[in-house]
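The block underneath contains the structure these notes are about, expressed in structure tokens.
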Amino acid sequence: METAESEIINKVITVLEKASEILTLQLSDIENIGRSYQSTDENEANKSALLIVTKRNSLEFFRNILDFLIYRLRNEKIEFFVFYLPQIRVMIELYSYLQYICNLHEDDQLILILTNNLFTLSSSVRNTKQDFSEIQALYTQQKNSFQYWLDEYEIIIPEKVDKLTKKKMNKQKLTLVPVEQRLNANEISKDCPLSSELWKGLPNSVYEFYRKFSLYVHGNPLMAKSHGTENFWIISECLIYASMIIELVNSRIIENKRLEEHKKFLYAVKMELPKFINLWGMKRQKV
């Protein structure tokens, strides 16, 4: 028989499942944008394809992490939730990445995504003695496909995959800005006004939470012990970042196609949040 405590938690998890459903709809919307795009210009077509695929893959990664955590929230032992907290940092990073690139001009988005993809390939083979001919072929294929854009913006990318160094990237200002700059309070307020309205003070606190969850990622031994309320942290943070990324995708990618779904989600959150926060407070007092 379901207890009053488990009923409160299960209702909030059900709200999280609604967020996953919206994200799935948004993924379909992004795919439809890609399918409907037409251009006789091969360079423009390549640019559009790369931008769509990158945004879709980032959102799908976020949705998959959310689904994984929802499953664990329904099935995991309380003392094991502490080991799932690093996933929250990944979700914040995915949001910050999408927010950053979506606020750039499309050509700048392309250059940033392309060169960082090439740099990832380079990093995977640099200083290795193993054969990396397959990676070299992939690197060359990607570079050649977008050579027009590299030439257009006078970006110099070496022919050899192992020669694209961090120094070369920095010199041409091709590296991503640090997360603390991406999680800019003004940008969050601008891109996520509805989420910021529900969670007061949200824009100024996201980076602080990112730093907190980084301690779990880096294996800080002080964070290894369960306090019995980590499932509340996971639920709370998933609600926040799912809302933020839904809102960002709505406004920046799919022209607010899922705005009504997001508003209904926020209403459901608003209905369940007070009881959830109250229960969380009582649990913390017992710890």
State whether the residues of region 82-90 include one that is crowded, with 18+ Cβ neighbours inside 10 Å, modelled with pLDDT under 95, hydroxyl-bearing (S, T, Y) and in contact with a helix residue (DSSP H, G or I) (Cβ under 9 Å, 6 or more places away or on another chain). yes
Name the one entry in E247, E255 that is in contact with a Cys (Cβ under 6 Å, 6 or more places away or on another chain) and over 19 Å from Q87 (Cβ atoms). E247
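Does any residue of region 251-259 turn out to be within 18 Å of D67 (Cβ to Cβ), in a loop (DSSP other than H, G, I, E, B) and at pLDDT 95 or above? Break it down into steps so the answer makes sense when it comes.
Quick first cut of region 251-259, residues within 18 Å of D67 (Cβ to Cβ) only: 258.
Narrowing the set further to residues that are in a loop (DSSP other than H, G, I, E, B) leaves 258.
Pick out the ones that are also at pLDDT 95 or above and you get 258.
Yes, some residue in region 251-259 is within 18 Å of D67 (Cβ to Cβ), in a loop (DSSP other than H, G, I, E, B) and at pLDDT 95 or above.
K225: modelled with pLDDT under 95, surrounded by fewer than 20 Cβ atoms within 10 Å (Cβ to Cβ), in contact with a Phe, Trp or Tyr (Cβ under 8 Å, 6 or more places away or on another chain) and farther than 20 Å from Q99 by Cβ, yes or no? Before you say what the answer is, go through the steps one by one.
Working: modelled with pLDDT under 95: yes; surrounded by fewer than 20 Cβ atoms within 10 Å (Cβ to Cβ): yes; in contact with a Phe, Trp or Tyr (Cβ under 8 Å, 6 or more places away or on another chain): no; farther than 20 Å from Q99 by Cβ: yes.
Judged against the criteria, K225 is not a match.
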Output the number of the condition that S243 fails; it satisfies all remaining conditions of (1) at pLDDT 95 or above; (2) among the polar types (S, T, N, Q); (3) closer than 28 Å to F119 by Cβ. (3)
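Mind listing whichever residues of region 25-81 are among the hydroxyl-bearing types (S, T, Y) and in contact (Cβ under 8 Å) with a residue 12 or more places away in the chain? Walk me through it before giving the result.
In the first step, residues of region 25-81 are kept if they are among the hydroxyl-bearing types (S, T, Y); the result is 28, 36-37, 39-40, 48, 54, 58, 71.
Residues satisfying the conditions are Y37, S48, T54, S58.
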For region 98-112, check the following and say yes or no: at least one residue is exposed (fewer than 15 other Cβ atoms within 10 Å of the Cβ) and among the hydroxyl-bearing types (S, T, Y). no
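Restricting region 249-269 to residues that are of a type in the set (D, E, K, R) and under 11 Å from L25 (Cα atoms), which is surrounded by the most Cβ atoms within 10 Å (Cβ to Cβ)? Spell out how you get there, then give the answer.
First, pick out the residues of region 249-269 that are of a type in the set (D, E, K, R): 252, 255, 257-258, 260-261, 263-264.
Checking the rest, the ones that are also under 11 Å from L25 (Cα atoms) come to 257-258, 261.
Working: K257: 15, R258: 20, E261: 17.
Only one residue fits best here, namely R258.
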Just a yes or no: is a residue in region 62-72 among the aromatic types (F, W, Y), in contact with a Leu (Cβ under 6 Å, 6 or more places away or on another chain) and within 19 Å of K168 (Cβ to Cβ)? no
Condition (residue is in contact with a helix residue (DSSP H, G or I) (Cβ under 9 Å, 6 or more places away or on another chain), buried (at least 16 other Cβ atoms within 10 Å of the Cβ) and of a type in the set (S, T, Y)) applied to region 116-124: is it met by at least one residue? yes
Residue list for region 9-56, restricted to those being within 20 Å of E237 (Cα to Cα) and of a type in the set (G, A, S): A19, S20
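The values are calculated or read from the model by the stated rules, or taken from the named source; none is laboratory data. Keep in mind that what you see is a predicted model, and the values were worked out from it rather than measured. Every residue, glycine as well, gets a Cβ built from its backbone with ideal geometry; the counts of neighbours run over all protein chains shown.
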